[in-house]
Amino acid sequence: MMRSVVRGLKAYQEPEAATEGLGGTYFFKSETGGKIAIMKPCDEEPMAPNNPKGFCGRKLGEPGLKPTVRVGEAASREVAAYLLDHKGVAGVPHTVMVRMAHPIFHYDSNTGVAIGEVDSVDDANREDLLAGDHGDSELPLKLGSLQSFVRHECDTTEMGPKLFNKKDIHRIGILDIRLFNTDRHSGNILVQKVLPDGGVFSIPAGGFRNQSAQYRLVPIDHGFALPEGLEP
């Protein structure tokens, strides 16, 4: 995934900023122009200093939008959700922690914040992705989560639950209980169409026991999982 992002940047496939959501989210493309990964910088999370959508006002490490998740720590929870979804049982997309610099990110010169100051993830577990040919090396590196982009039909707000595979619902529900996920809703479950001929939206490895199932559910957005405590 990371190599594909680098190749896309070298091929001048410019990333896109997402308009939805409360934090900074960026779609990076492969060298052929298809979306390949999603970057969420720590310092652009809701309430963080460099949030591009006006939801700012707190320092990194302070209680965030949800008081049990600190500002700047949602990205590490995205990675944790992937790691704790053992063998991909619930289908959490591949997620890693990276440091990146790119002009599309939101840099606020008034804050003077360099996201390298965040120490919630050990340096040994970070990967650096630089858009070398773009001359972005002078920009501060931002720490954040990089997640594989999941090609999908829609999210579950646009489709009736009768079409969903019950085992998918059970897998995601069990994952949310294990993670104490405090932010599961219909907008952060993606729907993939299952094609019998093994196309892009093919039956996942291991398959469904019920091979007549038409759709697969993919859980995303786990930044508010693993809270420091349970809110009353």
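The values are calculated or read from the model by the stated rules, or taken from the named source; none is laboratory data. As the structure is a prediction and not an experimental result, all values here were calculated from the model. In this analysis, Cβ positions are derived from the backbone assuming ideal geometry, glycine residues included, and neighbour counts consider all displayed protein chains. Just so you know, the surface numbers come from the protein's heavy atoms only, side chains and all, with ligands and any DNA or RNA stripped out. Shrake-Rupley method; radii C 1.70, N 1.55, O 1.52, S 1.80 Å.
Could you tell me whether Leu83 is modelled with pLDDT of 95 or more and assigned to a helix (DSSP H, G or I)? Taking the combined requirement at face value, the residue satisfies it.
Comparison of Glu73, Glu78, Glu14 shows that the only residue that is open to solvent by less than 70 Å² (accessible area, probe 1.4 Å), in contact (Cβ under 8 Å) with a residue 12 or more places away in the chain, over 25 Å from Arg216 (Cα atoms) and acidic (Asp, Glu) is Glu73. Please indicate, with yes or no, whether at least one residue in region 85-108 is touching a helix residue (DSSP H, G or I) at 6+ places or on another chain (Cβ under 8 Å), under 19 Å from Leu190 (Cα atoms) and open to solvent by 50 Å² or more (accessible area, probe 1.4 Å). Yes, the conditions are met somewhere in region 85-108.
Of the residues Leu163, Leu130, Leu139, Leu143, only one is at pLDDT below 90 and crowded, with 17+ Cβ neighbours inside 10 Å; which?
Leu139
A residue that is in a loop (DSSP other than H, G, I, E, B) and over 17 Å from the mean Cα position of the chain (by Cα) can be found somewhere in region 14-21. The condition of being outside any loop (DSSP other than H, G, I, E, B) and farther than 20 Å from Ala225 by Cβ holds for only one of Met100, Met39, that being Met100.
So that you can scan it fast, the table gives a plain yes or no per residue for (1) within 22 Å of Leu146 (Cα to Cα); (2) in a loop (DSSP other than H, G, I, E, B); (3) modelled with pLDDT of 80 or more; (4) open to solvent by 50 Å² or more (accessible area, probe 1.4 Å):
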{"residue": "Lys167", "(1), (2), (3), (4)": "no, no, yes, yes"}
{"residue": "Ile172", "(1), (2), (3), (4)": "yes, no, yes, no"}
{"residue": "Arg178", "(1), (2), (3), (4)": "no, no, yes, yes"}
{"residue": "Val200", "(1), (2), (3), (4)": "yes, yes, no, yes"}
{"residue": "Gln211", "(1), (2), (3), (4)": "no, yes, no, yes"}
{"residue": "Leu226", "(1), (2), (3), (4)": "yes, yes, yes, yes"}
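Restricting attention to region 26-53, the residues that are open to solvent by less than 60 Å² (accessible area, probe 1.4 Å) and over 20 Å from Arg77 (Cα atoms) add up to 7.
The residues listed here are Arg58, Arg3; of these, the one that is closer than 20 Å to Val96 by Cβ and open to solvent by 30 Å² or more (accessible area, probe 1.4 Å) is Arg3.
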